[in-house]
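The values are calculated or read from the model by the stated rules, or taken from the named source; none is laboratory data. Computed from a prediction, not measured in an experiment: that's the story for all the values here. Please note: Cβ atoms are built from the backbone with ideal geometry, for glycine as well, and neighbour counts cover all protein chains shown.
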Amino acid sequence: MLIVMQSQASDDKIKKVIDFIRQKGFDAHVSKGEDHTVIGAVGKKVIDKRDIELLDGVKEVIRISSPYKLVSRVFKPEDTVIQVKDVKFGGGHIGMIAGPCTVESYDQMDATAEKLSKCGVKVLRGGAFKPRTSPYAFQGLGEEGLKILREVADKYNMAVTSEVMEVSQIPMFLKYVDILQVGARNMQNFNLLKSLGEIRKPVLLKRGLSATIEEWLMSAEYLMAGGNREIIFCERGIRTFERMTRNTLDISAIPVVQKISHLPIVVDPSHATGLRDKVAPMSKAAVAAGADGLIIEVHNTPETALCDGAQSLYPEEFSDLFGELKMLASVIKKQF
């Protein structure tokens, strides 16, 4: 249930309400808006909402029937804006993340990051641990890859995002990474989600290969229930019967999620299509549909890439695309 406090409710009154619901066996999650403070009471206990309504400073108590409570706009009506360095996701801001699928070497990352930095990109992506369908495919450089990412990003004053695979890797990632990415195959790895809920760094949550939007929202609920408020949804295409593209990019998920949730949503057109010439039109479609960000694969020499070269843009192609996206963003009154 949601407890909406009166606009003039003091911090002491808010604390007394929080203490009361915790004594009743509920977890308390606080969201402070411009006009009201909202307290989310989450738990399996039964309580008469009138007992809460009689507490000093309480305006109203709302029961939430949907299973996703903390990620919903009922809990927090206004957009959540996630800021990483100088980049913002949400609230009219479009964040750009770019870089190669996989960290292959320092020289490869340095060459790519230098060109991206000149384009104005502030968040560098790159996989150090790669979940691959084939056990014989390149699996990444591991911690050495994270070290390269961090060193190169610091050189060009960029933030870093990379995919974490399991709970045991989290302490390592916290040393090098600014945004921890949960891949499609781990969207319902609930032990991983619970552990990431305990950290205080942004998490980019990719949609599962065949996940419904509700399942996706519930995965975010795991993170928020643990206390992590910095979550970015990532639509990366879902598996359908179509084989002309790698996946089917669900553009409609953008407005659907934005209506239900206050959390920002970005789009990965590279993994969605798997084809270099489809990345630009799908990026434009995502921005036009209101996406809060993009994560695009860019490689200095895609023809030699160890992973997903066919869907990676050349730096020159990305530069042209980014310029077009900025113009498109201005039309819908958003900004990169």
- Query: Within segment 171-181, can one find any residue that is surrounded by fewer than 23 Cβ atoms within 10 Å (Cβ to Cβ), assigned to a loop (DSSP other than H, G, I, E, B) and not acidic (Asp, Glu)?
  - Reply: no
- Is there a residue being part of a loop (DSSP other than H, G, I, E, B) and at pLDDT 95 or above anywhere in segment 144-157? yes
- Which of the strands (runs of 3 or more DSSP E) contained wholly in segment 35-123 include at least 3 residues that are buried (at least 19 other Cβ atoms within 10 Å of the Cβ) and assigned by TED's automatic domain parsing to the domain that holds Lys15? 37-42
- List every residue pair whose Cβ atoms lie under 6 Å apart, where the two residues are 6 or more positions apart in sequence or sit on different chains, the first residue falls within segment 142-157 and is of a type in the set (A, V, I, L, M, F, W, C), and the second residue, located anywhere, is assigned to a helix (DSSP H, G or I). Leu146/Tyr176; Ile148/Tyr106; Ile148/Met109; Val152/Met109; Val152/Asp110; Val152/Ala113
- Item | Matching option when the condition is at pLDDT 95 or above, part of a loop (DSSP other than H, G, I, E, B) and over 14 Å from the mean Cα position of the chain (by Cα), among Glu214, Glu198 | Glu198
- Message: Residue under question is Ser105, and the condition is that it be without any contact (Cβ under 8 Å) to a residue 12 or more places away in the chain, hydroxyl-bearing (Ser, Thr, Tyr) and out of contact with any Gly (no Cβ under 8 Å at 6 or more places or on another chain); does it hold?
- Response: no
